[in-house]
Every structure is written in structure tokens, then in C-alpha cells.
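The values are calculated or read from the model by the stated rules, or taken from the named source; none is laboratory data. It should be emphasised that the depicted structure is a prediction, and the values quoted were computed from it without experimental measurement. Ideal geometry is used to build each Cβ from the backbone, glycine not excepted, and the neighbour counts take in all protein chains shown. These accessible areas exclude ligands, DNA and RNA; they are computed on the full protein's heavy atoms, side chains included. Shrake-Rupley method; radii C 1.70, N 1.55, O 1.52, S 1.80 Å.
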Amino acid sequence: MTGARQALQTLLDSLGDSSRFATAGILTPVLPGLEVEGAGSIGAPVSVKDAKRLIAKAKQAPYGRGAETILDLNVRSVWQIEPDRCEFHNPEWDTHLTAMVEAVMGDFAIHQTVSVELYKLLIYEKGGFFAPHRDSEKIKGMFATLVVCLPSRHEGGALIVEHDGQTRRFDFGGPDSEFKTQYAAFYTDCQHEITPVTAGYRVCLVYNLAIAGKRSQPSAPQNAAAVKKAASLLQELFADPACKLDKIAIPFAHQYSESGLDPKQLKGADRARADILVRATESLDYQCYLALLTHYQSGSPDYSTLDFEPYAYGGRRSRRWSDDKKDDSAGEMDEVYEESRSLDHWLDTDGVVQPFGTIHLSEQEILTQEGKQGWSIRKEIHEASGNEGVSMELWYRQGVVVIWPRDRYFAILAGEGQDSALPALEQMAAGRKKAAALAECRVFAREIIDHWDSKQRFGDKSSYSGRMLKLLERLDDAKLAEHFVRDVLPQDFDGSEGKSLHRLFQRFDWKPFATALHDFLAQQEPENHSARLEGILAIWEPLCCDPPDLADERHTVCASLIDELVQVVERWDAPVLTHSWRYNPETRTRVVARVVHILGTLAATEPLDRFLARVLADNKRYDLHGVLIPDLKEIHGWVAKIPAARTAAERLLSHCITELRSATAKPVDAPSDWTRDGQLDCGCEDCLALSRFLRDPVERVARFPLRKDRRQHLHQIIERHHCDCTHVTARTGSPQTLVCTKTQSSFEKRKHQYDVDTRLLAELEALATSENRTQTKAASGRRKARK
């Protein structure tokens, strides 16, 4: 460890269990059963009537100044009732009070037995307050004050506690103050005040907390010097050119699960460690988060530590997350082949989940890995299989504080790729309208674009490019949008981005993006298996066809790219050997409909005619049932609005009708006997016997007593040739018998297809009749108009 690393670790190790001087919480309201002498029973929430009855029996509270007790309404304005006049009749109140005291002791890391004693019942009415002051020791062993604010509707009356250069504010008032039992506690040596109550009544119980039998009582921790030292060491670490740190992860001493990692629930010394680091980063304008660090290793185990025979085949041994002291029987790592370190499960210092995803870090970005034996660990040992020996995987996990300078935030997240950076930018940009905030978002967006990883696939998630385009529209920066469309989009799209691009161009004008769109088309090649022709056309269709109607600039840009778009389709349709690495078996579903829509909208009739001629001649890619007929039906839905596409639609309709008429010209008759196709591509003795059986017009069932390998061979032949027979093994005798039974599956398939084609033909003929009537009516209307 470097000097600064060692010094920071030493400083953190020297801290106590807590650096808190004040704490607060909320509990579910419980009726205390409070009865006050002279005022009677007081309900919860405390009503206005009850508060007035209390004030009628109370006295103005004085304050202490040295040995004097002074009543001065300019310093303190509050009503008080002595504790001997208060009784609590609900036994649950003692349980409630004990829970509050235990929570306070946990936050202050005090492990001794603490006594609690009611000091006063205080009632603040409108205008009531208490100027800054410090409490005196009211009972022997007193070290802290506990204030319990009973449920009562009021505004204002905040408790402000100052100590060691820090200020904590506890607001008990508000619209829901009558529905909560709230408490706060602070050390007696802390200066504190109550701000004026602006409405309602603030009714609270004040308790003294004490530890008897100690010469010196706990006092509020003084950590200003530690905070200053930590800040200085962090600056030194990030400024050290030898380290080149962008971030640093500082491990906690205790273990935390995903559900247990919470800044409000840190254990022991981790609370002080986190508090000091948070204060230090605030003074430096660094950013500070909590996360879980996972250190992964894979390699070979030390066979001498395994609890099973290392050369037994199959299976794996696994251990869940645990303290490794209880898991020492699962084997130790001998040689590490691969390892990585990553951070996830991010929280800010208030416990709010952050959308950073997984962020990787290097070994030097961890303050120290000493004491790693206390981390959670999970092990998997994969036993030997085939040519592979025994392998082992280890996952070490530990809660950490992660710190980085604010000016490196964008680069860190952008460097992790879209999965980490985009959610953070979306959160950052949400609701931002001020110029300065938007400018900061644009800086982040540029970092993301510059670090974009086109290999980071999105699987079933929404398109990263689509999400980025929506953000760029919100950020209102045309040059940044052009940068993304030019340098990122050609390599990373799924086809869903068209509408976002359309909105973007409508906002910023079309002409500045013409070159970027040209480059996009020029880069699309079928060799790129991440690109799909249908996806390219899915982007282009809304650009050319979505409303509003094509304005001059939009039409000019779209029309100038017709040739490039047609060339893209031709590249995908070029003949390619099926065994070539360039072979792309992509289906052409919706390709015809999209091309006709685009070229028809742009009135590009000549390219459209060429495209359709190629399509109708290529029944392998553009098959009748999978492509042409579904696309024809889609085209029929909008073709009436696009005159330039009507001829292509009629041509496509005529082709489909002709094909269907040919397919249904002759009915499909059932076979007259059991003769089946027996042409097989194997001439072995068993296959010849199978072929003779298939060709036999009478025999329907054949039995082949064969050993297992010969039966399996016939299985494969029958499946490969789609023979009209079933095959099952009768598992009796030796050898067992393969039983083949002829079926009518080929006839049933042909008959089903004939029925489908007959129905489709009727649909398309009706469609053609409807089109003819529409055209006749339109022609008649034109003739009448000319007359």
C-alpha cells in the first residue's frame, strides 16, 4: 500500500463504532394512555382541545444560565408540565419507549445499560420556540436527551442540533404530523434550538438518558480533524499520477447482503467509517455511494483440500454465500486462470437505489484487500468431465463505500457502456428544464456517445439506440444528435428507432442529417449478422411515410437516398452460396410491404418496378405463403392513399392469384393403397428392406428385429426423409424390434395446404373484385367531372 492508502486505512481503523451526535426515527403511533393531573386524559393524536387544557394547567418554562434559572420569553417560549403530574396507563407505551431507546443506543454505539427518565411534558403553541442552547446535566450520569413528539398537528417547531461543524435538522411538523410518533436524541454537549411553531400545537415528552456508575459519560464524538485528514488523503490518492485512480472502493468491516446494505443500518465501526467518508467527500465535492463489491476467480483447486475424489466424473459442488470460516471444507484455490472485480447494488448515502448497473474496477481501485478472509464467499467446484479436469469458481463479496471526484462521474459510467450510463442519464434528465442542468446532461450524453459499445447487446430490453434518441430529443442539441446518428446508429440498431429519428428530424430539420443517413445506408452489409434488412427498412419507413405529409426539405432528403436504399435491398438479395460464411438466412417478412410503402410514397415507380420483378422471380426468399400474401394484405390496408403504389399492388395481387389457382387446379386425392415414397439416400441392407416396405402397396406394418445401432440408423433415415410411417421400438426379445407403421401424413399435409390455398384464393379474388369496382367507380367519377 502507498503512504496515502495506508494512512487512510489507519485513520478509518482508528474510528469508534459511531460518529453520530444526533439521531431520529419514526414509530407507529401507540396510545400512551397519558393522563395529566388537572387536565385529565390526553388522546392521540393530541387535539386542539387537549392542547389548550394542557396549557391551562402548565407553566411557562424557564431556562438555565449558569447557576441561575431565568424566565425570558425572548429566549424560550414554551409551556411545561412536571413529570410527577403525568401518568401513562397503557403498558404498550413502555415497550414503545424501550424500542426508541434501543434504537438510539444502537445509533450511538453505546453498549452499556441506559436508564431513561421523564424530564418534562412540553407544549409549544403558535410562536413557541427555544433559542440555541446546551442542556445541563439534570440527573447523575446523564449524557443525552431524548425528545418524543406525540402525534399532534402542527407546522414549524423543527429541532436543530449543531456539533463539530455539522448541523442536523429534524422537522416533526407537517401535514402528517398527527399520525406519527417521532423522536430525536442528541448528546447533552451539543448546541440545539427549536424554531418557532407557525401553526397548531407541538406536544412532546423530554427524557433524560443516563448511564449510572461511570466517572465519565459518553460525549458527542469530535471528528472534524478526522474528516479533514480523510479529505486530504483522498485528494492525494486521486492526484497521484502513479495510481491513475478514477474511483476507489473502501471495504466495510462487516458483511452485508443486498437486502441488508443500508446506510441507516450499518454495523459497528462501519457507521463511523461511512459518516467520516461522506463528510470528507462533501467537503471536496466528490461523490459517494454504497455498493456491493464482487471479486470473481476461476481456476484449479488444491486437490489436497477437496472433500471428494477429484477424478470422479460428473456434477458440481456448490456453496451459497457464507462466512468463509464456516466453509473451509469446500476446497481452496491452487491456481487462478481468470478473475474480475465488479460493483453493483448501488445506493446513495440516503439509501436511495441508483441505476448504475454493474461497474468494473481494477485491483488498485480497492483501498485494501487485507482482511479479505472476513468477506462473504461462494464456491462452486466442477468435477472432472471428459478431457476437463476439476475446476473451481470463487465469488468474494463485500459492502463498500465508493468514491470518485464529481468531474469523473460521466466518464466512469460512460466507460461501462450503455447498460450503466443510460439509466443514469435518464434519471438525470427527467424533469430538467433549466439551461445549466440541460448543459450538464449534454456533457454526459457526449461522454456516452464517445464510449458507445456497439457489441453490448440489449437482448429483450428496449433498444439502447432508441432510448438515446429520445434523450437527445429532450436535450435539444442538433449537433449532438447528428453525432449519434452518424457515428453510433449504423452499428447499433434493431429497427425500433425509426419513429424517434422522425421526431428528431422534424425538430431539428432534415438537411443537416442527410449525410449521416447516406453513411448509415452505405455501411449496411449482409455480412454484418447484427444487421437485418427488415430492421433497416423499419427505420426508413416512418422517415418517409409517417405524417405529416412530406415537406420540401424532407422529401428532398428522402428522395436523394432512394438509390442507396434500393442498393441495400439488392445487396441482401444477391445470390450467396449457402455454405458461405456470408450466407444470411434472414426471412423477408414485411420487406415487400415496407419497400412498396417507401418507394410508393416517394413516387419512385421505376425502382419499385425493378424491385417487384426481382421479388416475383425469387420464390425462395420471397415465398408465397410466408411473405407475399401477408405483405399483400398489409399493402391493401393503405394503398388507396398512395397512388404510385397501386400498380405494384395490382401486380403483386395478380401474381398471388395466379400461383394459388395453379396450386388448387387439381384436387388432392387420398392414396388408393399403401404405396409410399421409398427413395432413400442409403443403400445398406436395412435401408433397402425399409424401402421395399414403403413401396409395398399392401403391407402397412413391418417389424425389424435389429440391434440398437441399426435401429437408431433407421430412426435417422425415417426422420431425415420424412417417411410416411411411425417408428417405435418394441422392447421385448433380443434384439429388440423396430415397428414401422405407415401413415397418411403426406396426404394430410397436402390436403391441408390445398384447403388453405383454396381459402386464400377466395379471399384474394374477392379483394381483386373489390379493387376493380373501386377503380371503375373512380374512372366514372373522372369522366363525369370532365363532362
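The table below lists the values:
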| read-out | value |
| --- | --- |
| 15 Å beta-carbon shell around residue 675, net charge (K/R +1, D/E -1) | -1 |
| Long-range HN-HN contacts of residue 333 with modeled amide H, under 5 Å | 302 |
| Phi to ³J(HN,Hα) by Karplus 6.51 cos²θ - 1.76 cosθ + 1.60 over segment 102-112, Hz, x for Gly, Pro | 5, 5, 5, 5, x, 5, 8, 6, 9, 10, 7 |
| Among (i) 30.2, 95; (ii) 39.8, 123; (iii) 25.8, 86, the entry derived from the coordinates for Rg and Dmax of the Cα atoms in Å | (ii) |
| Calculated from backbone phi, Karplus (6.51, -1.76, 1.60) coupling profile of segment 252-267 in Hz, x at Gly/Pro | 7, 8, 9, 8, 9, 8, 4, 6, x, 6, 8, x, 8, 10, 5, 9 |
| Surrounding net charge for residue 93, when Lys and Arg each add one and Asp and Glu each subtract one, Cβ distance under 14 Å | -4 |
| Candidate residues 98, 664, 181: accessible-area rank, largest first, probe 1.4 Å | 98, 664, 181 |
| J(HN,Hα) series, segment 152-160, from Karplus relation 6.51 cos²θ - 1.76 cosθ + 1.60, nearest Hz, glycine and proline x | 7, 6, 6, 10, x, x, 6, 8, 10 |
| Probe 1.4 Å, protein heavy atoms only - accessible area per residue of the chain in square angstrom | 49 |
| By accessible area with a 1.4 Å probe, ligands and nucleic acids excluded, highest first: order of 711, 446, 20, 731 | 731, 446, 20, 711 |
| Neighbourhood charge, 14 Å Cβ-Cβ cut-off, centred on residue 639 and excluding it, Lys, Arg +1 and Asp, Glu -1 | +1 |
| Under 17 Å from residue 138, Cα to Cα: aspartates and glutamates that are on another chain or at least 8 residues apart | 68, 82, 84, 117, 189 |
| Label-point gap, in nm, between residue 348 and residue 380 - each point 7 angstrom along Cα→Cβ | 3.6 |
| Sequence-distant aspartates and glutamates (8 or more away, or on other chains) whose Cα lies within less than 18 Å of residue 751 | 659, 669, 673, 677, 724 |
| Taking the chain and dividing mean pair separation by its residue count, relative contact order in percent (alpha carbons under 8 Å, at least six apart) | 8 |
| Filtered GluC sites (Glu not before Pro), segment 7-114: DSSP coil and at most 12 other beta carbons within 10 Å | 37 |
| Percent carbon-and-sulfur accessible area, the chain, ignoring ligands, DNA and RNA, probe 1.4 Å | 49 |
| Cut-off under 5 Å, modelled amide H: who pairs with residue 366 long-range | 249 |
| Listed residue pairs exceeding 21 Å between alpha carbons, taken from 666/749; 247/379; 244/267; 59/126; 57/126; 247/434 | 247/379; 244/267; 247/434 |
| In Å², nearest 10: area of residue 206 left accessible to a 1.4 Å probe | 20 |
| When each of 180/264; 499/641; 52/140 is checked by Cα-Cα distance, pairs over 23 Å | 52/140 |
| Residue 144 long-range amide H proximity, modeled H, under 5 Å | 188, 209 |
